[in-house]
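Student: Sharing a structure here in structure tokens format.
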Amino acid sequence: MPFERCAECRLCCHVEEGYPPLEVTLTTHETKKFGSLCIETNCENLGPKGCTLGDNKPFSCKLYPLSYNPVKRRFFFDKDCPLMPEYIAQLSNPKSVASLHLNEVHSVIQTLETEDPEFLKTNHQVDIDYFNLEKLPSIICNKDEPE
């Protein structure tokens with residue numbers, strides 16, 4: 001988890017009343033492991049200190065508060081995540097928690113682009129449907145990403 005305060009907010013692990021349940025996007029490997037994960041109101045894996053799955057949580061959950069558009073090869077972020085201003089500010093420091101998070105998820109995405117591209121497409125579409133996405137500023141994105 002990029003920030004300790006995520007356990008307090010829980011916005012990303014909650015579906016507001018009146019919205020359809022959120023089927024967590026899983027990679028092919030994760031589908032074999034979990035079958036499926038659906039958030040009807042609150043994620044059943046959300047404990048008092050955050051996700052009870054720890055490092056075993058699905059990649060789509062690890063990616064949050066970011067979203068990756070595989071067509072444009074661009075990162076987006078959920079504008080409703082209260083930690084995004086801090087996250088973006090931290091990206092100017094290559095040793096910050098946010099920079100480490102971005103580098104880790106980018107590394108996994110590079111693998112998924114060849115091994116499970118359908119996951120990336122599906123996950124981004126789910127993110128578009130559920131989150132208020134905005135493009136991550138280009139000054140901090142990977143240099144080989146097209147504008």
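Student: Determine whether CYS81 is closer than 27 Å to PRO137 by Cβ and either at pLDDT 95 or above or in contact with a helix residue (DSSP H, G or I) (Cβ under 8 Å, 6 or more places away or on another chain) (or both).
Tutor: Details: closer than 27 Å to PRO137 by Cβ: yes; either at pLDDT 95 or above or in contact with a helix residue (DSSP H, G or I) (Cβ under 8 Å, 6 or more places away or on another chain) (or both): yes.
It is true that CYS81 is closer than 27 Å to PRO137 by Cβ and either at pLDDT 95 or above or in contact with a helix residue (DSSP H, G or I) (Cβ under 8 Å, 6 or more places away or on another chain) (or both).
Student: Continuing with the same structure: Is it fair to say GLU30 is more than 20 Å from HIS124 (Cα to Cα) and not in a loop (DSSP other than H, G, I, E, B)? Working first, answer last.
Tutor: On the way: more than 20 Å from HIS124 (Cα to Cα): no; not in a loop (DSSP other than H, G, I, E, B): yes.
No, not satisfied.
Student: May I ask you to say which residue of LYS33, LYS49 is among the charged types (D, E, K, R), farther than 23 Å from GLU17 by Cα, in contact with a helix residue (DSSP H, G or I) (Cβ under 6 Å, 6 or more places away or on another chain) and exposed (fewer than 14 other Cβ atoms within 10 Å of the Cβ)? It would help to see each step written out before you state the result.
Tutor: Numbers: LYS33 fails: in contact with a helix residue (DSSP H, G or I) (Cβ under 6 Å, 6 or more places away or on another chain).
It is LYS49.
Student: Same structure again: When you scan the range 55-74, how many residues do you find that are of a type in the set (A, V, I, L, M) and not in a loop (DSSP other than H, G, I, E, B)? Can you show your working first?
Tutor: To start, the set of residues in the range 55-74 that are of a type in the set (A, V, I, L, M) comprises 63, 66, 71.
Filter once more, keeping what is not in a loop (DSSP other than H, G, I, E, B): 63, 66.
Residues meeting the conditions: 2.
Student: Just to be sure, is VAL71 under 16 Å from CYS12 (Cβ atoms), modelled with pLDDT of 95 or more and either surrounded by 12 or more Cβ atoms within 10 Å (Cβ to Cβ) or not small (Gly, Ala, Ser) (or both)?
Tutor: Details: under 16 Å from CYS12 (Cβ atoms): no; modelled with pLDDT of 95 or more: yes; either surrounded by 12 or more Cβ atoms within 10 Å (Cβ to Cβ) or not small (Gly, Ala, Ser) (or both): yes.
No: the conditions fail for VAL71.
Student: In this structure, is SER107 of a type in the set (S, T, N, Q) and surrounded by fewer than 19 Cβ atoms within 10 Å (Cβ to Cβ)?
Tutor: Working: of a type in the set (S, T, N, Q): yes; surrounded by fewer than 19 Cβ atoms within 10 Å (Cβ to Cβ): yes.
Considered against the rule, which asks whether it is of a type in the set (S, T, N, Q) and surrounded by fewer than 19 Cβ atoms within 10 Å (Cβ to Cβ), SER107 comes out as yes.
Student: Also, quick follow-up: Which one of these does PHE77 not meet: (1) assigned to a helix (DSSP H, G or I); (2) buried (at least 16 other Cβ atoms within 10 Å of the Cβ)?
Tutor: The single condition PHE77 does not satisfy is (1).
Student: Now, a different point. List the helices (runs of 4 or more DSSP H) inside the range 81-139, counting only whole elements, that have at least 3 residues being in contact (Cβ under 8 Å) with a residue 24 or more places away in the chain, hydrophobic (A, V, I, L, M, F, W, C) and under 14 Å from TYR68 (Cβ atoms). Steps first, please.
Tutor: Numbers: elements: 84-90, 97-115, 117-130.
The helices (runs of 4 or more DSSP H) meeting that bar are 97-115, 117-130.
Student: Also: Quickly run through the range 13-67 and pick out the residues that are aliphatic (A, V, I, L, M) and either under 20 Å from VAL97 (Cα atoms) or over 14 Å from the mean Cα position of the chain (by Cα) (or both).
Tutor: Result: VAL15, LEU37, ILE39, LEU46, LEU53, LEU63, LEU66.
Student: Report yes if ALA89 is surrounded by 13 or more Cβ atoms within 10 Å (Cβ to Cβ) and among the small types (Gly, Ala, Ser), otherwise no.
Tutor: Numbers: surrounded by 13 or more Cβ atoms within 10 Å (Cβ to Cβ): no; among the small types (Gly, Ala, Ser): yes.
In short, no.
The values are calculated or read from the model by the stated rules, or taken from the named source; none is laboratory data. Predicted, not measured: the structure shown is a model, and the values here were computed from it. Cβ atoms come from the backbone with ideal geometry, glycine included; neighbour counts cover every protein chain shown.
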